[in-house]
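Input: a single structure, listed below in structure tokens.
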Amino acid sequence: MNINNKTQKFVAKALESILVIGYILFEELVWNIFAKPIFSYIKSLVVLEPLKQKFLTMHRYLLLTVFIGILVLAESMGLLAGLWFLEGYFISGILVYVLKIPVAAFTFWLFDLTKAQLMTFAWLEIAYEWIMGMIDKLLNSAIHVYIRNRIMVIRQKMQLIMGQYFGKVGFVASIKSHYKVFKPYLARFLKN
């Protein structure tokens, strides 16, 4: 095996590792903690019933335009956040990314709601299937399986430690109960 092949394989594995780690971080931090609860909340809003009906009865070209507009807005916010973060404007970058999350969740909701109509566009269906195929390939890669297994072991150890120190009630409940105990002392201390 010559040096070029070794270099190419090394670069390919490094890129695959970066993609897997990025995907896992996104899934664990952004999706599970922020976007998924917002997505679930949006799906449950009764106020959106008339809007749901509007989207479901909307002409498919208008629907596509609305969907792509919202998607472009969400992705532009992500790019802007990344650029600001790279330029050293950390707070601005984080703020824009946090604002992007509800827009992206709304986009997921709209896609989930109108998927049948949107998939009538052959090019969109092909793009969607290609993206899902790439994600599936990434999720089934050896590096993803290895990293995911390591994360699960670490998570189980953390849950065990949290259980030992905070009991079954959990960390937040433990902090609240400690606060209630120390609140009178804190109030007296702050009065003086």
* Is it the case that the stretch 92-113 has a residue that's surrounded by 15 or more Cβ atoms within 10 Å (Cβ to Cβ), at pLDDT 90 or above and under 12 Å from residue 64 (Cβ atoms)? -> yes
* Unmet criterion (only one of (1) of a type in the set (D, E, K, R); (2) under 22 Å from residue 37 (Cα atoms); (3) out of contact with any Asp or Glu (no Cβ under 9 Å at 6 or more places or on another chain)) for residue 100 -> (3)
* Asked: Would you pick out the residues in the stretch 57-67 that are out of contact with any helix residue (DSSP H, G or I) (no Cβ under 9 Å at 6 or more places or on another chain) and in a helix (DSSP H, G or I)?
  -> 57, 61, 62, 65
* To do: State all residues of the stretch 168-182 that are assigned to a helix (DSSP H, G or I), basic (Lys, Arg) and at pLDDT below 80; if no residue qualifies, say none.
  => 176
* Go over the candidates 43, 36, 54 one by one and state the one that is more than 19 Å from the chain's Cα centre (by Cα) and in a helix (DSSP H, G or I). => 54
* Structure fact -> Only one of 25, 73, 51 is aliphatic (A, V, I, L, M) and either under 25 Å from residue 123 (Cα atoms) or in the same structural domain as residue 150 (by TED's automatic domain parsing) (or both), namely 73
* Can you find even one residue in the stretch 6-16 that is surrounded by fewer than 14 Cβ atoms within 10 Å (Cβ to Cβ), modelled with pLDDT of 85 or more and more than 29 Å from residue 155 (Cα to Cα)? -> no
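The values are calculated or read from the model by the stated rules, or taken from the named source; none is laboratory data. Here the structure is a predicted model, which is why all the values come from computation and not from measurement. Backbone-built Cβ (ideal geometry, glycine too); neighbour counts: all protein chains shown.
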